[in-house]
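Data block below; observations after.
The values are calculated or read from the model by the stated rules, or taken from the named source; none is laboratory data. Here the structure is a predicted model, which is why all the values come from computation and not from measurement. With ideal geometry, Cβ positions are generated from the backbone for all residues, glycine too; neighbour counts draw on all protein chains shown. Note: areas computed on protein heavy atoms with side chains; ligands, DNA, RNA excluded. Shrake-Rupley method; radii C 1.70, N 1.55, O 1.52, S 1.80 Å.
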Amino acid sequence: MQFEVFTLLPEIFPSYLESSILQRARQRGLLDVRVHNIRDYTHDKHHTTDDTPYGGGGGMVMKPGPVFEAVESVLGPISLQTQPVAVPVILLTPQGRVFTQRVAEELSRHERIALLCGRYEGVDERIRAHLVTDEISVGDYVLTGGELPALILIDAVARLLPEVLGDPTGAEDDSHAMGLLEYPHYTRPPEFRGWKVPDVLLSGDHAKIEKWRREEALARTFQKRPDMLEHAELSSEDLKFIEGLKSKSDSHR
Ligand code: SAM
């Protein structure tokens, strides 16, 4: 999978992309991230990429010229984009649809994605209206730029790609993957400062371990994110277990 990232601050990207799982995925040819400096697509002496907003007010706005030129020189003229678009051009913006595991799964089905990182007050509206095909927010808060959101998106999508994780089933049980929070993990030693690993995990009985993990995932989700249970795929056994949790919590009130 290939990401084309457009930014005014390309120096932000290497240290994260050159570490750990993303670095290995890139070395193995599973992931390719190309970072393009929007400033390289300016033609004036000062390499201007921003200007004051029409109508007044504080802050600066990213100019349309360099952004259109950068994206079109990499993806081709926007007028030639077919519908539905072959390569989504995603603007990272606090005004976009909120990024979730479902959105990461949806994006992981593309072969190539362009990410546009804003700075200052954001981008000229004509970029949003005529160049961008999707808008994504990483949450209801405002950051200084779209670079961290772009890295979040790349990271979450990359770990869903086949063979990127060492354990091929690694992402299946992750929190949010199945609509539940994940069960708790333990590693050696079996006892630490008097706190023991639950016996079932040392029992070697895989059916019992599976049952324990499912119930822990359900209990955690019930306690921390009950809203998620409304959309999770639940068996009749799960529903019975949740009913038990509900009556326990009602009796403690
Ligand atoms: N004035 C803009 C607004 O109120 O919508 C916010 C601009 S913000 C200071 C600068 C840039 O950071 C944005 O153009 C966007 O690329 C990025 N950004 C900030 N918060 C973000 C978020 N929650 N999700 C995705 N991108 C974000």
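Just a few scattered comments:
- Spatially close Lys pairs in the chain, defined by Cα atoms under 26 Å apart and a spacing of eight or more places or different chains, total 17.
- Of the whole protein surface, THR100 contributes about 60 Å² of accessible area at a 1.4 Å probe radius.
- Computed on protein heavy atoms with a 1.4 Å probe, the accessible areas place PHE68, PHE192, PHE13 in the order PHE192, PHE68, PHE13, largest first.
- Apportionment of accessible area to carbon and sulfur, the stretch 191-251, percent (1.4 Å): 51 percent
- Options HIS231, PHE68, LEU181, ranked by Cα towards positive dipole end of the chain, top entry (Cβ charges): LEU181
- Given a 1.4 Å probe and the protein chains as shown, LEU165 ends up with an accessible area of around 30 Å².
- Antiparallel beta bridges, as assigned by DSSP with both residues in the chain, represent about 15 percent of the total such bridges.
- For the stretch 86-158, applying the loop criterion from DSSP together with a ceiling of 11 other beta carbons within 10 Å to the GluC sites (Glu not before Pro) yields GLU111.
- Taking GLY58, GLY194, GLY139 as the candidate residues, the one with maximal mean-square fluctuation in a Gaussian network model of the chain, Cα springs under 10 Å, is GLY194.
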